[in-house]
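The values are calculated or read from the model by the stated rules, or taken from the named source; none is laboratory data. This one's a predicted model, so the numbers in the text were calculated from it and none came from an experiment. Glycine gets a Cβ as well: all are built from the backbone with ideal geometry, and neighbour counts include every protein chain shown. Side chains included, ligands, DNA and RNA excluded: accessible areas come from the protein's heavy atoms. Shrake-Rupley method; radii C 1.70, N 1.55, O 1.52, S 1.80 Å.
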Amino acid sequence: QVQLVESGGGLVQPGGSLRLSCAASGNIFSVYAMGWYRQAPGRQRELVADISSDGNTNYADSVKGRFTISRDNAKNTVYLQMNSLKPEDTAVYYCKALIYKTDVGPPEDYWGRGTLVTVSS
C-alpha cells in the first residue's frame, strides 16, 4: 500500500509565504514524477507544478515566478514553496506521484488527501 501525506497548509495574508510538503511511503520501488494540483471551490482541479525524477520542472502560468517545486528523492518527498501569495491561490492543494511498486511496472498515480491553503486578510 502507498500513502501520500501533505502538510504545511494554513491561513496566510496576501503577499505571504507557505511551504507545502508531501511524503510518499509504503510499498514503493521508485517514484517517478511528482506534482502539486489545486482545486478552488466551484472549479476544476488544475496543475500547479510538477517535477520529474531528474529534476525537470513545469509550472502553471499563474504561479510562475512565485512558486518553486523541489524534491528530495532519498525521502520520496516533494515540496512547494509558495511566495507572494494572492487570494486567488486559495484552494485545496493535492500532491500526486507516479510510483513504481515493483521493478517491472507499470507505474500508477497516487494522490494525497489534500491540504487547505487560504489567502486572506
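In table form, for the structure just shown:
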| quantity | calculated |
| --- | --- |
| Among the residues listed as Leu20, Leu4, Leu85, the single one being in contact with a Pro (Cβ under 8 Å, 6 or more places away or on another chain), touching a residue at least 60 places away in the same chain (Cβ under 8 Å) and open to solvent by less than 50 Å² (accessible area, probe 1.4 Å) | Leu85 |
| Those residues of the range 93-107 which are without any contact (Cβ under 8 Å) to a residue 60 or more places away in the chain and either in contact with a strand residue (DSSP E or B) (Cβ under 7 Å, 6 or more places away or on another chain) or open to solvent by 40 Å² or more (accessible area, probe 1.4 Å) (or both), in sequence order | Val104, Pro106 |
| Residue tally, condition open to solvent by 10 Å² or more (accessible area, probe 1.4 Å), more than 10 Å from the chain's Cα centre (by Cα), of a type outside the set (D, E, K, R) and more than 17 Å from Phe29 (Cβ to Cβ), over the range 67-80 | 1 |
| Residue check, Tyr59 within 15 Å of the chain's Cα centre (by Cα), surrounded by 15 or more Cβ atoms within 10 Å (Cβ to Cβ) and free of Cβ contacts under 8 Å to residues at least 24 places away in the same chain | yes |
| Options Thr57, Thr68; residue that is touching a Phe, Trp or Tyr at 6+ places or on another chain (Cβ under 9 Å) and not hydrophobic (A, V, I, L, M, F, W, C) | Thr68 |
| Residues being without any contact (Cβ under 8 Å) to a residue 12 or more places away in the chain and either of a type in the set (Lys, Arg) or closer than 18 Å to Val119 by Cβ (or both) - total across the range 44-56 | 0 |
| Residue within the range 3-19 that is touching a helix residue (DSSP H, G or I) at 6+ places or on another chain (Cβ under 8 Å) and among the aliphatic types (A, V, I, L, M) present | no |
| Some residue of the range 50-70 being modelled with pLDDT of 95 or more and at positive phi | yes |
